[in-house]
Amino acid sequence: MNMNMNMNSISLEEWTQRDVYGMEEWATNYGVQKYDGVELFTSDGEDWQLISNGYVPAGTSVLFVPADIVLSSDGVVAEFGGSLEAAENALVAMDQGTARRLPLFRLMVKILAEYEKGEESPWFPWLNSLPRRFYNGVSMTDACFECLPPYAAILSMNERNTYSRFVNAIRKGFVPLNPETINDDGVVKWAYNVALTRFHEIWEPSRQKLIAPMADMFNHNTNPNVEITVDPQGNFLVNTIADVQPGSPLTISLGDPTNPTPLFAQYGFLYDDCKTIFCKAIHLEQQIQDLGYDFKDLLFQTETGEIAPQVWDIFLYKILQDNDQNAADQFYVACKTNDEDTKQQYHDYYFQYTLQDLKNHVYSILGEVDQLTMKAQSYDLETHPRVPVIVAHNNLVRDTFSMTQQLLEAMG
């Protein structure tokens, strides 16, 4: 089946105009309530968000979405029963790691089921309001992947691999979906991206992923001004957590603000106010794990290029492992016990070696990013429309690492 010319009346052509106002009318009829002055807004016809045209004090309820129109992963289990269980068993058999992502799989199945119903689906106006084009890792072409730095490429490829396993499980035929639907690559990828980019997760009374029409229209901000909660009945309640000035977007947090690359891989955007990026030391992943650090600890400041102390730690630890295992063991213990005096003694003694390794790392990343960006800019935007966001990501890395380079050069 051609995904763009089918009987279900939902065109998935990438530039199809989103019927957002039709969704708003439908949502209102189903009991969605917005605070006076809260409106849908777009500056380009593609990216929509909720804004407030008036002043809203902190602690104000700005949106209510009734449980009746919320899609829930638990609800999908109840609806599809044994057929879904069989598909999930097939999925987990492919990769045990997918077990933690079953709530996402369930939402994808539900979106495909409602897509098939077309105008007969109660959620048709919401489906018809959704974006058709996505810019995240799953949506990128192989050529786009060749233009990503290693960390971004790894995260994006992980998401793509999960998507591929989801599709394989759905195509086993356990879930009662039309073969023409599940064999249409464009349709299944769209359904996956809708689920991936619009869910809200809760952990009580059970872990679920939920999608609430209208509440999925909030954009991300490092300093969000609204917060979503779900009451025991499954209704979505959105309240301001800061004063909102007239004309301001209403925003939530979609993830860790210290590390923009996971958001780039999942959602396909870079936010304007990110303050830090990961140091990109993928080759030191074992050292990161040994010392009990996480990528979010290993940061460069985007405004100054300053390096987090943990970055110095993992580079020194690798040097010690390669040259003096006894010293490496002692440094490891100092890191684990927060013995800052001992750590500093090692840093002082081996400073020039650590500095040189960090310089080499920064020089390597700068050279690599410039080559990747040049390659991306050689692509035709008509066939590779995600190039601008890739270039923006690479430029953020280059600009930050250039400042880091200057700081390291000043140290010796």
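Heavy atoms of the protein chains alone define the surface here; on that basis segment 43-96 has 44 Å² accessible area per residue at 1.4 Å probe size. Normalised by residue count, segment 50-204 yields a Cα convex hull volume of 171 Å³ per residue.
Please compute, over every Cα-Cα pair in the chain, the percentage with a separation greater than 43 angstrom.
Details: 16692 of 84666 pairs.
Cα-Cα pairs in the chain separated by more than 43 Å: 20 percent.
Legend: residue pairs K296/K359; K172/K209; K172/K375; K280/K336, Cα-Cα distance threshold 28 Å; pairs beyond threshold, K172/K375.
What per residue convex hull volume, in Å³, comes out for segment 244-403 when only alpha-carbon positions are used?
151
Would you mind telling me the share, in percent, of accessible area of segment 33-116 contributed by carbon and sulfur at probe 1.4 angstrom?
47
Tilt of helix 102-117 relative to the longest C-alpha principal axis of the chain, in degrees (0 to 90, nearest 10)? Taking the Cα atoms of the chain, the angle to 102-117 is about 30 degrees. Hey, any idea what % of segment 183-245's accessible area is carbon plus sulfur with a 1.4 Å probe? Of all accessible area on segment 183-245, carbon and sulfur atoms account for 46 percent.
Taking Cβ atoms as reference points and 12 Å as the exclusive limit, the residues near K375 contribute a net charge of -3, counting Lys and Arg as +1 and Asp and Glu as -1. For segment 158-217, the solvent-accessible area with a 1.4 angstrom probe is 40 square angstrom per residue. Note on segment 247-292 and segment 360-412: Cα centroid distance 16 Å, given to the nearest whole angstrom. Per residue, segment 333-412 exposes an accessible area of 56 Å² to a 1.4 Å probe, with every protein chain left in place. In summary, segment 145-246 shows an alpha-carbon radius of gyration equal to 1.39 times the 2.2 N^0.38 Å reference for compact globular proteins.
All Cα-Cα distances of segment 1-82, cut into 10 Å bins from zero to the largest, leave 13, 30, 36, 17, 4, 0 percent in each bin in turn.
The values are calculated or read from the model by the stated rules, or taken from the named source; none is laboratory data. Keep in mind the model is a prediction, meaning the values are calculated, not measured. Here the Cβ is made from the backbone with ideal geometry for all residues, glycine too, and neighbour counts use every protein chain on show. To get the accessible areas, we keep the full protein, side chains included, count just its heavy atoms, and leave off ligands, DNA and RNA. Shrake-Rupley method; radii C 1.70, N 1.55, O 1.52, S 1.80 Å.
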